[in-house]
1. Which one of Leu97, Leu147, Leu125 is out of contact with any Leu (no Cβ under 6 Å at 6 or more places or on another chain) and at pLDDT 80 or above?
2. Give the residues of the range 108-125 that are part of a helix (DSSP H, G or I), under 20 Å from Val171 (Cα atoms) and either of a type in the set (A, V, I, L, M) or over 19 Å from the mean Cα position of the chain (by Cα) (or both), sorted by residue number.
3. Looking only at residues that are crowded, with 21+ Cβ neighbours inside 10 Å and in contact with a helix residue (DSSP H, G or I) (Cβ under 6 Å, 6 or more places away or on another chain) in the range 126-140, which one is nearest to Arg75 (Cα to Cα)?
4. Quick check on Gly31: is it farther than 23 Å from Tyr119 by Cβ, within 22 Å of the chain's Cα centre (by Cα) and surrounded by 11 or more Cβ atoms within 10 Å (Cβ to Cβ)?
5. Taking Thr23 as meeting all but one of (1) in contact with a Cys (Cβ under 8 Å, 6 or more places away or on another chain); (2) farther than 22 Å from Val140 by Cβ; (3) of a type outside the set (Asp, Glu), write down the number of the exception.
6. Give, as residue ranges, the helices (runs of 4 or more DSSP H) completely inside the range 1-99 that count at least 2 residues that are of a type in the set (S, T, N, Q) and over 29 Å from Val171 (Cα atoms).
Amino acid sequence: MNAVFTAIFIVSAILLMIVSPDTFLSSLMGGARTAAQVCLTLFCVYAVWMGLAGVAEGCGITQKTAKLFKPLCRRIFKTKSDGACEAAAMNLACDLLGAGASTPFAVKAIGEWEKEKNYYAQKLLFIINAAGFQLIPSTVIALRAGLGSDAAADIFIPSLACSAATLVLSVGSFILSEKFAQARGGKSRPHRRSDHGKNACGSG
């Protein structure tokens with residue numbers, strides 16, 4: 001990706017210097033200023049949500065939320081690990097709120113499932129997170145507001161519809177693929193570390 005972005009920058013810079021050389025430096029500085037502004041806005045958003053997550057964990061809200069969603073998590077992810085259920089519940093809650101602080105909980109859940117060799121749950125949680133379903137896209141709304149949007153929350157309905165459709169299609173496709181794999185020859189083959197190594201070597 002570094003090579004791709006470097007190539008894009010070089011080509012864009014050359015074209016801009018050919019078409020409008022007088023605006024090259026001003027465009028470069030303006031882009032850097034915008035990038036710094038976006039990073040600062042994201043830092044503030046993540047700081048707020050991670051702080052709230054820490055307060056929730058310290059007050060016991062995390063445990064209560066996990067207890068509420070534990071039966072659902074056990075059924076969806078087919079797991080017996082209490083720690084994984086708690087982490088997965090918080091991960092899904094953060095995703096629904098668009099908090100942007102769900103990754104640490106997902107990493108914890110994946111680690112717990114690694115211990116019990118629950119590869120089905122690992123793949124399903126990854127797919128749910130990749131789908132990005134959000135009831136309230138708070139991070140995007142905060143970014144739009146920080147960049148001066150007059151109606152930062154206008155994306156609520158389009159974002160909800162798109163993310164819901166993505167979630168249904170992705171999870172449905174995964175469940176169908178698992179059923180087809182079981183029908184063709186039993187349980188789906190787990191992803192072993194050696195397989196990842198072979199794939200990495202092959203792709204390199």
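The values are calculated or read from the model by the stated rules, or taken from the named source; none is laboratory data. No experiment lies behind these values; they were computed from the predicted model shown. Here the Cβ is made from the backbone with ideal geometry for all residues, glycine too, and neighbour counts use every protein chain on show.
1. It is Leu125.
2. Result: Ala109, Ile110, Ala121, Leu124, Leu125.
3. Filtering first and then ranking leaves Phe133.
4. no
5. With respect to (1) in contact with a Cys (Cβ under 8 Å, 6 or more places away or on another chain); (2) farther than 22 Å from Val140 by Cβ; (3) of a type outside the set (Asp, Glu), Thr23 is out only on (1).
6. Of the helices (runs of 4 or more DSSP H) lying wholly inside the range 1-99, those with at least 2 residues that are of a type in the set (S, T, N, Q) and over 29 Å from Val171 (Cα atoms) span 2-19, 24-59.
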